[in-house]
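**Student:** Pasting in a structure now, in structure tokens, and then I'll have a few things to ask.
The values are calculated or read from the model by the stated rules, or taken from the named source; none is laboratory data. Model, not experiment: these values are computed from the prediction. Heads up, the Cβs are rebuilt from the backbone with ideal geometry, glycines too, and the neighbour counts pull from every protein chain shown.
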Amino acid sequence: MTYETTHRPWPLPQRPWVMAMRWHDLMFMHWPIRPEVLRPLIPAMLEVDTFDGWAWLGVVPFRMTGVRPHYLPAFPYLSAFPEMNVRTYVKTPGRSGVWFFSLDAASRLAVRAARFWYGLPYYDARMRVVQEGATVHYHSTRTHRHAPAATFEASYTPSGEVYHAHPGTLEHWLTARYCLYAVDRRGRAGYGDIHHAPWPLQDATAEVRSNTMTMPLHLDLPHTQPVLHFARYLEVVAWNVVPLVE
């Protein structure tokens with residue numbers, strides 16, 4: 001498979017990707033946070049990434065289809081489910097990416113596979129996504145045993161034309177991320193590359209009725225409207241997590 005890579009900040013890995021997926025009806029909701037507030041929540045070997053002096057905290061609901069390992073087809077009832085994450089952005093020399101505080105998903109298999117394979121903080125959740133015209137109604141309640149409670153309920157709608165963010169802008173900095181970071185059970189940090197086309201972004205509006213996703217972090221979101229960006233569809237491939245120092 002051949003990929004367009006001119007928009008990437010570093011080359012694709014030489015080894016094969018391990019997972020493919022499709023992301024649908026994704027809403028980026030971001031709030032500015034002082035870096036010193038997030039610093040205690042991030043492993044010491046990772047630097048908090050900032051834009052104009054601010055770190056950013058994101059709550060990102062979406063749904064996935066076509067989730068499958070390399071060389072295998074997607075299986076009905078196992079390959080499609082809603083997911084949402086709480087995230088910020090971190091960097092190491094020569095590479096910046098996503099740090100996940102939590103990932104909730106309506107697939108017990110996906111939760112356990114991601115916890116085992118990637119060491120990511122996935123949680124079981126009861127989730128419902130309904131599309132009504134252009135509007136997406138999204139509801140999530142965490143059900144993971146012994147995990148802190150977290151809920152999210154919102155309706156969001158894209159507005160405006162599809163565009164690709166320009167490098168140097170806030171929307172590009174928030175969304176153009178081509179790796180994730182994780183720390184395994186032994187405390188070793190690593191990164192996993194991901195690849196996709198440039199985000200087909202749209203401006204958006206949202207009515208948030210409940211959002212306690214950051215309460216387990218003991219973080220209060222600013223009393224300001226989040227910065228919103230919507231993407232209807234994106235195809236993604238992902239690689240294994242590898243150590244920062246090989």
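**Student:** Could you grab the pairs with beta carbons closer than 9 Å, sequence gap of 6+ or different chains, first residue in the range 214-231 and free of Cβ contacts under 8 Å to residues at least 12 places away in the same chain, second one in a loop (DSSP other than H, G, I, E, B) and hydroxyl-bearing (Ser, Thr, Tyr)?
**Tutor:** That search, which allows pairs on different chains as well, returns ASP220/THR214.
**Student:** Continuing with the same structure: For ARG22, are the conditions met, namely being touching a residue at least 12 places away in the same chain (Cβ under 8 Å), of a type outside the set (Ser, Thr, Tyr) and within 20 Å of HIS195 (Cβ to Cβ)? It would help to see each step written out before you state the result.
**Tutor:** Working: touching a residue at least 12 places away in the same chain (Cβ under 8 Å): yes; of a type outside the set (Ser, Thr, Tyr): yes; within 20 Å of HIS195 (Cβ to Cβ): yes.
Here the answer is yes, as ARG22 does meet what is asked.
**Student:** Let me ask something else. Is it true that THR88 is within 24 Å of VAL245 (Cβ to Cβ), surrounded by 14 or more Cβ atoms within 10 Å (Cβ to Cβ), within 15 Å of the chain's Cα centre (by Cα) and not small (Gly, Ala, Ser)?
**Tutor:** Working: within 24 Å of VAL245 (Cβ to Cβ): yes; surrounded by 14 or more Cβ atoms within 10 Å (Cβ to Cβ): yes; within 15 Å of the chain's Cα centre (by Cα): yes; not small (Gly, Ala, Ser): yes.
Criteria met by THR88.
**Student:** Next question, about the same structure. Before we move on, is THR169 under 27 Å from THR6 (Cα atoms), crowded, with 18+ Cβ neighbours inside 10 Å and not hydrophobic (A, V, I, L, M, F, W, C)?
**Tutor:** Details: under 27 Å from THR6 (Cα atoms): yes; crowded, with 18+ Cβ neighbours inside 10 Å: no; not hydrophobic (A, V, I, L, M, F, W, C): yes.
When the stated conditions are applied, THR169 does not pass them.
**Student:** Identify, please: which residue in the range 184-242 is of a type in the set (Phe, Trp, Tyr) and in a strand (DSSP E or B) and is, among those, surrounded by the most Cβ atoms within 10 Å (Cβ to Cβ)? First the steps, then the outcome.
**Tutor:** Of all residues in the range 184-242, those of a type in the set (Phe, Trp, Tyr) come to 191, 199, 230, 233, 239.
Those still in the list that are in a strand (DSSP E or B) too: 191, 230, 233, 239.
On the way: TYR191: 22, PHE230: 26, TYR233: 11, TRP239: 20.
Ranking the qualifying residues of the range 184-242, first place goes to PHE230.
**Student:** Further, regarding this structure: Going by the conditions given, is TRP10 out of contact with any Ser or Thr (no Cβ under 7 Å at 6 or more places or on another chain) and touching a residue at least 12 places away in the same chain (Cβ under 8 Å)? Break it down stepwise before answering.
**Tutor:** Details: out of contact with any Ser or Thr (no Cβ under 7 Å at 6 or more places or on another chain): yes; touching a residue at least 12 places away in the same chain (Cβ under 8 Å): yes.
Yes.
**Student:** Let me ask you something else. Looking only at residues that are without any contact (Cβ under 8 Å) to a residue 40 or more places away in the chain and among the charged types (D, E, K, R) in the range 91-142, which one is surrounded by the fewest Cβ atoms within 10 Å (Cβ to Cβ)?
**Tutor:** The residue in question is GLU132.
**Student:** Any chance you could count how many residues in the range 24-40 are farther than 29 Å from VAL136 by Cβ and either out of contact with any Ser or Thr (no Cβ under 8 Å at 6 or more places or on another chain) or assigned to a strand (DSSP E or B) (or both)? Working first, answer last.
**Tutor:** Our first condition is that a residue be farther than 29 Å from VAL136 by Cβ; within the range 24-40, this holds for 34-37, 39-40.
Still in the list and also either out of contact with any Ser or Thr (no Cβ under 8 Å at 6 or more places or on another chain) or assigned to a strand (DSSP E or B) (or both): 34, 36-37, 39-40.
Summing the residues that are farther than 29 Å from VAL136 by Cβ and either out of contact with any Ser or Thr (no Cβ under 8 Å at 6 or more places or on another chain) or assigned to a strand (DSSP E or B) (or both) in the range 24-40 gives 5.
**Student:** Inside the range 62-71, can you point out the residues that are surrounded by fewer than 21 Cβ atoms within 10 Å (Cβ to Cβ), in contact (Cβ under 8 Å) with a residue 40 or more places away in the chain and out of contact with any Asp or Glu (no Cβ under 9 Å at 6 or more places or on another chain)?
**Tutor:** THR65, ARG68, PRO69, HIS70 - these are the residues of the range 62-71 that are surrounded by fewer than 21 Cβ atoms within 10 Å (Cβ to Cβ), in contact (Cβ under 8 Å) with a residue 40 or more places away in the chain and out of contact with any Asp or Glu (no Cβ under 9 Å at 6 or more places or on another chain).
**Student:** If you don't mind, there's one more thing I want to ask. Here's a check for you: in the range 41-61, which residue that is touching a residue at least 40 places away in the same chain (Cβ under 8 Å) and in a strand (DSSP E or B) is surrounded by the most Cβ atoms within 10 Å (Cβ to Cβ)?
**Tutor:** My answer is PRO61.
For every residue, the table says whether it meets (1) of a type in the set (Ser, Thr, Tyr); (2) modelled with pLDDT of 95 or more; (3) under 18 Å from the mean Cα position of the chain (by Cα); (4) closer than 20 Å to ILE42 by Cβ.
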residue: THR169; (1), (2), (3), (4): yes, yes, no, no
residue: TYR178; (1), (2), (3), (4): yes, yes, yes, yes
residue: VAL183; (1), (2), (3), (4): no, no, yes, yes
residue: GLY187; (1), (2), (3), (4): no, no, no, yes
residue: LEU201; (1), (2), (3), (4): no, yes, yes, no
residue: VAL208; (1), (2), (3), (4): no, yes, no, no
residue: PRO222; (1), (2), (3), (4): no, no, no, yes
